[in-house]
């Protein structure tokens, strides 16, 4: 199989689990040097070990994406180690606490926005600076169907993911003529550790979620990784500013 990302450097935040991990593995399989950034040290080390077992090249950097100094250091370490940055996947995120808008705590609002939205902005801020030096780069931000339609009980999460889509569009327009493409992926319900934990607390929720998926099942992290890699590849060279829905038809209803 042709390795579409050979000699490319890809950064994946939240890359130790779920969609991020599947994306990191997919990049490595396609020949990329992979930087996994996460707050989870052990899981990040394990992910890097997995890639090295495959014969790939990977680096773990512990970083909190809501902290500007740590994000700046993350990019500096990436470039110091590999010399460049070709693809960036801003995936780190949380779902936050579940409560109606009037009962959403200020702490939950601030934390969810800080990680899911401010974190994406901070990452792009420093990723774009490096890509401008190179004259090229592709960024994919993880949004959600919750950024396109509303979900009761998730006001901060929905606001953060809607913000990611608008931030993606804005940056795409700003840097379109400078060789940088910026897109977003909006997954539906994907069987990740985050979703599994949610279902443990609310087991009656799974049939409701499946009922809303026209394909009749949850998606897999690998399916979202495929969409992300396509948006980072030359095959999507004319695509920028696009929120790609990978939701099993959820939003088509």
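Of all residues in segment 91-114, none satisfies being part of a helix (DSSP H, G or I), modelled with pLDDT of 95 or more and touching a strand residue (DSSP E or B) at 6+ places or on another chain (Cβ under 9 Å).
So which residues in segment 17-38 are without any contact (Cβ under 8 Å) to a residue 40 or more places away in the chain and assigned to a loop (DSSP other than H, G, I, E, B)? Listed by number, the list holds a single entry, 31.
Based on this model, can you work out whether residue 49 counts as crowded, with 24+ Cβ neighbours inside 10 Å and free of Cβ contacts under 8 Å to residues at least 40 places away in the same chain? Here the answer is no, as residue 49 does not meet what is asked. Filtered by the rule that a residue be in contact with a strand residue (DSSP E or B) (Cβ under 8 Å, 6 or more places away or on another chain) and not in a loop (DSSP other than H, G, I, E, B), segment 221-241 gives 221, 223, 224, 227, 228, 231, 232, 236.
Each row is one residue, and each column tells you yes or no for (1) surrounded by fewer than 24 Cβ atoms within 10 Å (Cβ to Cβ); (2) over 16 Å from the mean Cα position of the chain (by Cα); (3) over 30 Å from residue 99 (Cβ atoms); (4) touching a residue at least 40 places away in the same chain (Cβ under 8 Å).
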{"position": "158", "(1), (2), (3), (4)": "yes, no, no, no"}
{"position": "177", "(1), (2), (3), (4)": "yes, yes, yes, no"}
{"position": "207", "(1), (2), (3), (4)": "yes, yes, no, no"}
{"position": "241", "(1), (2), (3), (4)": "yes, no, yes, yes"}
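Here are 173, 167, 244: which of them is at pLDDT 95 or above, outside any loop (DSSP other than H, G, I, E, B) and within 24 Å of residue 4 (Cα to Cα)? It is 244. The number of residues in segment 179-196 being in contact with a strand residue (DSSP E or B) (Cβ under 9 Å, 6 or more places away or on another chain) and either without any contact (Cβ under 8 Å) to a residue 40 or more places away in the chain or surrounded by fewer than 18 Cβ atoms within 10 Å (Cβ to Cβ) (or both) comes to 2.
Taking residue 71 as the residue in question, decide whether it is in contact with a strand residue (DSSP E or B) (Cβ under 8 Å, 6 or more places away or on another chain) and either in a loop (DSSP other than H, G, I, E, B) or surrounded by 15 or more Cβ atoms within 10 Å (Cβ to Cβ) (or both). Here the answer is no, as residue 71 does not meet what is asked. I'd like to know if segment 209-220 contains one or more residues that are out of contact with any helix residue (DSSP H, G or I) (no Cβ under 8 Å at 6 or more places or on another chain), in contact (Cβ under 8 Å) with a residue 24 or more places away in the chain and in a strand (DSSP E or B). Within segment 209-220, one or more residues are out of contact with any helix residue (DSSP H, G or I) (no Cβ under 8 Å at 6 or more places or on another chain), in contact (Cβ under 8 Å) with a residue 24 or more places away in the chain and in a strand (DSSP E or B).
If you check 60, 5 for being crowded, with 21+ Cβ neighbours inside 10 Å and either assigned to a strand (DSSP E or B) or modelled with pLDDT under 95 (or both), only one passes: 60. Checking the stated criteria, residue 125 turns out to be surrounded by fewer than 24 Cβ atoms within 10 Å (Cβ to Cβ), farther than 24 Å from residue 198 by Cα and at pLDDT 95 or above.
Restricted to segment 39-57, and to residues there that are within 17 Å of the chain's Cα centre (by Cα) and part of a loop (DSSP other than H, G, I, E, B), the residue that is nearest to residue 111 (Cα to Cα) is 39.
The values are calculated or read from the model by the stated rules, or taken from the named source; none is laboratory data. All values derive from a computational prediction rather than experimental measurement. FYI the Cβ positions are ideal-geometry reconstructions off the backbone, even for glycines, and counts take in every protein chain you see.
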